[in-house]
């Protein structure tokens, strides 16, 4: 299976709605590694690595987010897989 990496910015009502915790659960269920964090401008930033199909599923999840979120926009940059992460972390 081809491996890939995606750097994602999610904007809208995405902070204070458990976006990071839900993203971490989703990433772990998809066997992805990387991290998620809130940004000062109100967006959420993620980097995810793993099998291309699972990364694509994570991108699709980010377009909706958890139930309380109101995602307005998502920016995705596909990058080369590095294998640098051992797990998926929530950065506080």
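Of all residues in the stretch 40-55, which are surrounded by fewer than 16 Cβ atoms within 10 Å (Cβ to Cβ) and either part of a helix (DSSP H, G or I) or touching a residue at least 60 places away in the same chain (Cβ under 8 Å) (or both)?
52, 53
Looking only at the stretch 6-23, filter to residues that are out of contact with any strand residue (DSSP E or B) (no Cβ under 8 Å at 6 or more places or on another chain) and surrounded by fewer than 17 Cβ atoms within 10 Å (Cβ to Cβ); which one of those is farthest from residue 86 (Cα to Cα)?
Among them, the one singled out is 16.
Please list, ordered by first then second residue, the pairs with beta carbon atoms under 6 Å, 6 or more apart or interchain, first in the stretch 1-26 and over 16 Å from residue 71 (Cα atoms), second at pLDDT below 95.
none
Would you mind finding the one in 37, 3, 26 that is surrounded by fewer than 19 Cβ atoms within 10 Å (Cβ to Cβ), modelled with pLDDT of 95 or more and under 10 Å from the mean Cα position of the chain (by Cα)? Walk me through it before giving the result.
Working: 3 fails: under 10 Å from the mean Cα position of the chain (by Cα); 26 fails: surrounded by fewer than 19 Cβ atoms within 10 Å (Cβ to Cβ).
From the options 37, 3, 26, the qualifying one is 37.
Residues in the stretch 58-67: is at least one under 17 Å from residue 1 (Cβ atoms) and either within 11 Å of the chain's Cα centre (by Cα) or buried (at least 18 other Cβ atoms within 10 Å of the Cβ) (or both)? Let's see the steps before the verdict.
Going through the stretch 58-67, the residues under 17 Å from residue 1 (Cβ atoms) turn out to be 58-59.
So of that shortlist, the ones also either within 11 Å of the chain's Cα centre (by Cα) or buried (at least 18 other Cβ atoms within 10 Å of the Cβ) (or both) come out as 58-59.
Looking for residues that are under 17 Å from residue 1 (Cβ atoms) and either within 11 Å of the chain's Cα centre (by Cα) or buried (at least 18 other Cβ atoms within 10 Å of the Cβ) (or both), one finds at least one in the stretch 58-67, hence yes.
The values are calculated or read from the model by the stated rules, or taken from the named source; none is laboratory data. From a predicted model like this one, the values you see are computed outputs, not experimental measurements. Backbone-built Cβ (ideal geometry, glycine too); neighbour counts: all protein chains shown.
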